[in-house]
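Notes for the one structure printed next.
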Amino acid sequence: MILGKIPIRTHIITEKDDMIDVVKKYAGDVAEPGDIIAVAESVVAITQGRAILPETVKPGLLARFLCLFPGKDGSLATPQAMQLAIRESGSPRVLLGAVAAAFGRIIGRRGDFYRVAGRHLAQIDDIAGTMWPFERHIILGPKDPHKIVRRIKIVTGVDAVITDVNDIKKVDIIAASGGVDQESLIKDLADNPFGNDDQQTPIVILKMALNTTD
């Protein structure tokens, strides 16, 4: 059970930063054994150089065609974002995902595109609206997220998660160190305690109730 959530304000994180160093600097003296350090997936990706300006992407014909099918609010609804998805998974897999999605819609099932093309594509944020100076960038999902949370736990001694949370109560736990109750955490993060604008709080420390016995 979560007792409290402490948003941690940081400097503007860029590709020049190492995410492990950032977490250690800002959360290392605040987080205690039994807590969980939650990190927004967008800043992890940014430190890995995975924030990309749309004008640097040249979409092909396949990307221009496939981007017509996601809803206008979808993360792959622009040719540039779809082209990056093709770059991430390859055109055959993305095309198969699109075919699977079309059949899925016929039978009233959603999510087949990502099941076939790759769950990591769901982490792409198209013009993410994240904190300056990346508010106009397409943010890809982070690379090796499980490795990142393991390193955070080694450095801080505290469990860690990388999460994708939005303001419509959708929570995706991308990676978690061992021992984290992910199902419970999804409910606890639904209020989106992260701040991508002037708050500059991409790290949140979750103060957990320790289990005790009489």
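The values are calculated or read from the model by the stated rules, or taken from the named source; none is laboratory data. Just so it is clear, the model here is predicted, and its values are computed rather than measured. A quick note on method: Cβ atoms are made from the backbone with ideal geometry, for glycine too, and the neighbour counts reach across all protein chains shown.
Counting only residues that are within 30 Å of Pro202 (Cα to Cα), of a type outside the set (Asp, Glu) and at pLDDT 95 or above, segment 83-115 holds 6 of them.
Residue count for segment 103-145 under the criterion of being touching a residue at least 12 places away in the same chain (Cβ under 8 Å) and either over 12 Å from the mean Cα position of the chain (by Cα) or surrounded by 17 or more Cβ atoms within 10 Å (Cβ to Cβ) (or both): the result is 30.
Within the set Gly28, Gly71, the sole residue that is at pLDDT below 95, surrounded by fewer than 23 Cβ atoms within 10 Å (Cβ to Cβ), more than 21 Å from Gly111 (Cβ to Cβ) and of a type outside the set (S, T, N, Q) turns out to be Gly28. When segment 156-174 is filtered for residues that are part of a strand (DSSP E or B) and either of a type outside the set (Val, Ile, Thr) or in contact with a Pro (Cβ under 7 Å, 6 or more places away or on another chain) (or both), the ones remaining, listed by number, are Asp159, Ala160, Ile162, Asp164, Asp172, Ile174. Number of residues in segment 150-171 that are touching a residue at least 40 places away in the same chain (Cβ under 8 Å) and buried (at least 17 other Cβ atoms within 10 Å of the Cβ) equals 11. Any residue at all in segment 24-40 that's farther than 20 Å from Gln123 by Cα, part of a helix (DSSP H, G or I) and in contact with a strand residue (DSSP E or B) (Cβ under 7 Å, 6 or more places away or on another chain)? Scanning segment 24-40 turns up at least one residue that is farther than 20 Å from Gln123 by Cα, part of a helix (DSSP H, G or I) and in contact with a strand residue (DSSP E or B) (Cβ under 7 Å, 6 or more places away or on another chain).
Considering segment 201-214, and only residues there that are over 16 Å from the mean Cα position of the chain (by Cα) and modelled with pLDDT of 85 or more, the residue that is surrounded by the fewest Cβ atoms within 10 Å (Cβ to Cβ) turns out to be Lys207.
For residues in segment 116-160 being of a type in the set (Val, Ile, Thr) and closer than 17 Å to Gly195 by Cβ, which is modelled with the highest pLDDT?
Within segment 116-160, the match that is modelled with the highest pLDDT is Ile139.
Would you check which residues across segment 41-52 are modelled with pLDDT of 95 or more and either in a loop (DSSP other than H, G, I, E, B) or hydroxyl-bearing (Ser, Thr, Tyr) (or both) and list them? Within segment 41-52, Thr47, Gln48, Gly49, Arg50 qualify. Might you check whether a residue that is surrounded by fewer than 19 Cβ atoms within 10 Å (Cβ to Cβ), in contact with a helix residue (DSSP H, G or I) (Cβ under 7 Å, 6 or more places away or on another chain) and touching a residue at least 60 places away in the same chain (Cβ under 8 Å) occurs anywhere in segment 59-68? The answer is no; no qualifying residue exists.
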